1. Tell me the residue from 16, 22, 79, 29 that is part of a helix (DSSP H, G or I) and out of contact with any Phe, Trp or Tyr (no Cβ under 6 Å at 6 or more places or on another chain), please.
2. Could you list, in sequence order, all residues of segment 167-196 that are among the basic types (Lys, Arg) and at pLDDT 95 or above?
3. Take the residues in segment 272-304 that are in a loop (DSSP other than H, G, I, E, B) and at pLDDT 95 or above, then tell me which one is surrounded by the fewest Cβ atoms within 10 Å (Cβ to Cβ).
4. Of the conditions (1) over 16 Å from the mean Cα position of the chain (by Cα); (2) surrounded by 18 or more Cβ atoms within 10 Å (Cβ to Cβ), residue 148 clears all except one; give me its number.
5. Is one or more of the residues making up segment 115-126 at pLDDT 95 or above and not in a helix (DSSP H, G or I)?
6. For segment 238-275, what are the residues that are touching a residue at least 24 places away in the same chain (Cβ under 8 Å) and among the aromatic types (Phe, Trp, Tyr)?
7. Could we say that residue 45 is more than 26 Å from residue 159 (Cα to Cα), acidic (Asp, Glu) and at pLDDT below 95 here?
8. Only one of 241, 215 is assigned to a helix (DSSP H, G or I) and in contact with a Pro (Cβ under 8 Å, 6 or more places away or on another chain). Can you tell me which?
Amino acid sequence: MVAAFSGCQTDPWDIAPVESEAIEFVAFADSVLPLDSVTLLPMLEHLAPKYPELFLPSVPEGDWRDDLLPYLTDPEVKALYQDVRTVQAEVPALQNEALVAAIQGGLDRYAAHIGASSSGYSVQRVYTYVSRNEAPMVLIAPGVIFLPLDRYLGANHPAYAQESAYLVQQHQPENAPVEIFKAIASWHDSKALPSDFSLLSGMISEAKTVLFVQATLGEDAALRALGYTPGDHAFMEENEADLWGLFVGQRWLFNDEVDLKRKLIMPAPFSKLGTPKDREIPGKAGVWFGWQILQSYWRQHPESTLLEIMEFADAQSLFQQSGYRP
């Protein structure tokens, strides 16, 4: 009877969303990039008072016109915007309506997790723009998120040709909401100076972002946050006990060697565990195990909140209380 009752319970990260404040979605690229040089400046002057975050000059006492006009008339920006439009026509996930729905849905689950907490992140506006394929996948500031759509044109887009094969998957259109909630997760990073540099601490620290995405967007999004395919996840589940045995048997968990963390928690095409099957083991295996430890802890302590887990700084204590045993 107890087993049957337990089987009916949902995991503590799967809670019903609550209605949160509706975001204002500003498709800045759509508003200005189709315009010609004659109509561009009047439109910008019309938008400037409404969206001041976009019109900050790059230097003190500067003029936003000196920044925005050259940028918005740059042929590279125009070309990337046309590529964005092409992808949006083919992939619903990058369309404005789908992005709004995904972001708002994640914020509604986030609101359910944080309740009345004053330490949550509050967002009023989300801006989409074209960034010349510059490095950040998303920019976040108090109350404002900036989403560069040209960072999500698909793994095969030539703009990402110089990136490694295991990294280009981050540019899939479906990853845009994931990157937003990864950025919100970073808002809850501990501000204290680290004192634990062990592999275990790194595993759990990195995995908190994955758990946060799972709690707000679901498990499929969590796998994207980890950089895993469903096949990668299935491999880790199938080999969980054997791989975990290596972590424990080699006494890696409390090892603080930088090279070990590079092999097991940093992005890589595969994880180097020193086995004949290394090239079959997905990269960031340590982060995957950190995710399992966090899930096990939350199941053991369902009264804990998402923010409490994000702020739990003692990795060794969390591990001991997790009861994790594959």
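1. Values: 16 fails: part of a helix (DSSP H, G or I); 22 fails: part of a helix (DSSP H, G or I); 29 fails: out of contact with any Phe, Trp or Tyr (no Cβ under 6 Å at 6 or more places or on another chain).
Answer to the check: 79.
2. 182
3. First pass over segment 272-304, keeping only residues in a loop (DSSP other than H, G, I, E, B): 272-277, 281-284, 301-304.
Checking which are at pLDDT 95 or above leaves us with 281-284, 301-304.
Details: 281: 22, 282: 21, 283: 22, 284: 27, 301: 16, 302: 11, 303: 7, 304: 14.
Looking at residues that are in a loop (DSSP other than H, G, I, E, B) and at pLDDT 95 or above, I get 303.
4. The single condition residue 148 does not satisfy is (1).
5. Initial filter on segment 115-126 (at pLDDT 95 or above): 125-126.
Keeping just the survivors that are not in a helix (DSSP H, G or I) gives 125-126.
Checked segment 115-126: at least one residue is at pLDDT 95 or above and not in a helix (DSSP H, G or I).
6. 244, 247, 252, 254
7. Working: more than 26 Å from residue 159 (Cα to Cα): yes; acidic (Asp, Glu): yes; at pLDDT below 95: no.
So residue 45 does not fit the description; no.
8. 241
The values are calculated or read from the model by the stated rules, or taken from the named source; none is laboratory data. On a predicted model such as this, the values are computed, not experimentally measured, just so you know. For neighbour counting, all protein chains shown are included, and Cβ atoms are generated from backbone atoms with ideal geometry for every residue, glycine included.
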